[in-house]
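The values are calculated or read from the model by the stated rules, or taken from the named source; none is laboratory data. These figures come from a predicted structure and were not determined experimentally. Neighbour counts run over all protein chains shown; Cβ positions are idealised from the backbone, glycine included. Note: areas computed on protein heavy atoms with side chains; ligands, DNA, RNA excluded. Shrake-Rupley method; radii C 1.70, N 1.55, O 1.52, S 1.80 Å.
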Amino acid sequence: MKRAILLLLTMVLAIVTVGCTEDFEEINTPRDAVNIVSPDIMFLPMLQNPMRNYQRNVNLYSDFYAQYWANTVSGFESPRYEYVDGWIGNRWREFYTQTLAESLTLKDWYGEDPTYTNVLAQVEIWMCAEWARILQIYGDMPYFGAGLGEFVSYNTEQEIYYDLFDRLANAVDAIDPGDSSQYAFTSDTDLFFRGDLEKWKRFGNSIRLRLAMRLANVDPNKAQAEAVAAVNAGVMVSNDDSALLPIWTEGFSDYLHQMGSNWDNIRISSTFTDFLYNQSGSEDPRASFWLAYEEGSPLADSGVFTGVANGYDLVPESANDNATINLVDGYSGFSPNGNVLINLPIMFYSEVVFLRAEAALRGWVGGNANALYLEGVQASMDLVGVDAVAAADYIAAIPTLSGSNEQQLKQLITQKWIANFPNGEEGWADFRRTDYPDITLPIDGVSSNSTVAPDTWVKRVRYPDNAHELESEFMPASRNTIPADRMDIRLWWDTADTKTKSGGLMSSNF
């Protein structure tokens, strides 16, 4: 069945969407030259977009920048902040020519038919999540009118975030789980929630909360209003609500199991393993669920998990002796389950609890920040599969929130960063927004071929070459040439420089 779906999907996409080419003119190719097919055929690849070219689009950049993983291939210089258009440049093209094109096609086909209100609202929630995912990589982007036939000016992050809030609110409100006359995606298509529309509503509200907290330092009034609205509307309530993208056992997939085991391109970051041992005085009980050593590693009997420092120029020959992903008997998200090989996290329930904890710390929503903080750790332990006693012992040993708001935020974000593993996109976003946890600079220094100043952190990814070739007149004036389009330019919501820490704390988050 899945092979049949994939075959039909390939045929449809060849006709409907713009191919993944090097020609930005084709982004706006008309989408009206095909007979209408089931919306399932279009929605399935949209949901699978996060695993498309995962190594080049995410692992070589966000996963390394979040310092969950470290590179073990000499010659891969993205951990030292170099830009490679043949890698990360795909991400921009694939979003505009495939995912955005698919969503616009669905709106063209079904937007006037009330039978499809629910499914189009699901599409809308997903597209808001996808827009936010790519927005936190680049910053200002073509948004209003993109994909509709003409080049458009790049919109500011603020404009886009404000519109995403409205779109999420409207989409959640549009879903009517009790309307049996509505067309419904099949359970094979709805990879996240198997047709549970209440979970889709909670997912939409949770994405809204994520984006609200992203703006906490730059636009606190708007952030508070959106956070309150999202929580009041109903966010995720248990681990069963987590949005996890299943990757099938059949066929090829490009995800962490390939890079961390089959290809031996990565090992766990020593930054991450350090935090697995320095929070409670003993090993974090999630460590053995997440991590393992490859067979034959001389470190396998060491009793601890060790990682590789981020940012080597010439990687040590012994790098692959270090710990990697546990694909055998650990966390269920990394282990085969029926026809699901592994899961790629889009949003954990624990992240939502930590978001609520931060909002409570800021005085924006009800609830006790410390209680929510501990609840977030517990939710992560439960999802990973940690024994109740081991989880309780760890939680009892970690520091409760105390001290100044800044000190409490550092504790909270550090535990959130651990719990969000291996979601490198959110880990990197939180680091840039709050400057927590304490992430290292590249061990061999920032590459002289990068556009990041020495001894500073990477802050964004620059626009791809084809965008500069064809769209420079529509870009922000300060970034409309490749030399000016630097990767140390802070995004709108990234308001402070990590190097300004005093005593390990920022003075900019409250």
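If you put +1 on each Lys and Arg Cβ and -1 on each Asp and Glu Cβ, how big is the dipole of the chain around its Cα centre, in Debye rounded to 20? The calculated dipole for the chain is roughly 880 debye. For a modelled paramagnetic label at N337, 7 Å from Cα along Cα-to-Cβ, the residues of the stretch 246-277 in reach, with backbone nitrogen under 19 Å, are 246-250, 255-258.
The candidate values are [x] 1.20; [y] 0.93; [z] 1.27; the one derived from this structure for Cα Rg over 2.2 N^0.38 Å carries the label [y]. Over the residues of the chain, the helix contribution to mean residue ellipticity at 222 nm works out to -12500 deg cm²/dmol, using -39500 (n - 2.57) for each DSSP H run of at least 4.
For a Förster distance of 41 Å, can you work out the FRET efficiency between the beta-carbons of E198 and V328, rounded to the nearest 0.05?
Once the sixth-power term is evaluated, E becomes 0.75.
For the stretch 335-344, the Karplus equation 6.51 cos²θ - 1.76 cosθ + 1.60, evaluated at θ = phi - 60°, returns couplings of 10, x, 9, x, 8, 9, 7, 6, 10, 9 Hz by residue, with Gly and Pro reported as x.
Please report the net charge: other residues with Cβ closer than 10 Å to the Cβ of A233, K and R +1, D and E -1. Every neighbour counted, the sum reads +2. An oblate overall shape is assigned to the stretch 435-510, the ratio a/c of its alpha-carbon gyration tensor axes (a ≥ b ≥ c) being 1.5 or greater and a/b not exceeding b/c. Backbone phi angles across the stretch 306-313, fed through the Karplus curve with coefficients 6.51, -1.76 and 1.60 (θ = phi - 60°), yield HN-Hα couplings of 10, x, 10, 5, 7, x, 6, 7 Hz in residue order; Gly and Pro are listed as x.
Counting only heavy atoms of the protein chains, get the accessible area per residue of the chain (1.4 Å probe) and round it to a whole Å² value. Could the numbers behind the result be given before it?
On the way: 18430 Å² over 510 residues.
About 36 Å² of surface per residue is accessible.
Amide H contacts for N155 (H built 1.01 Å from N in the peptide plane; partners 5 or more residues away or on another chain; cut-off under 5 Å): M141, Y143, F144. With all protein chains in place and a 1.4 Å probe, the accessible surface of the chain carries 49 percent carbon and sulfur.
Cβ neighbours within 10 Å, averaged per peptide: list 155-161, 108-114 in order, most packed at the top. Intermediate results must be reported in sequence, preceding the final value.
On the way: 155-161: 18.1, 108-114: 13.1.
Ranked by mean Cβ neighbours within 10 Å, highest first: 155-161, 108-114.
In this label model, T456 and A371 are separated by 4.4 nm, measuring between points 7 Å along each Cα→Cβ vector.
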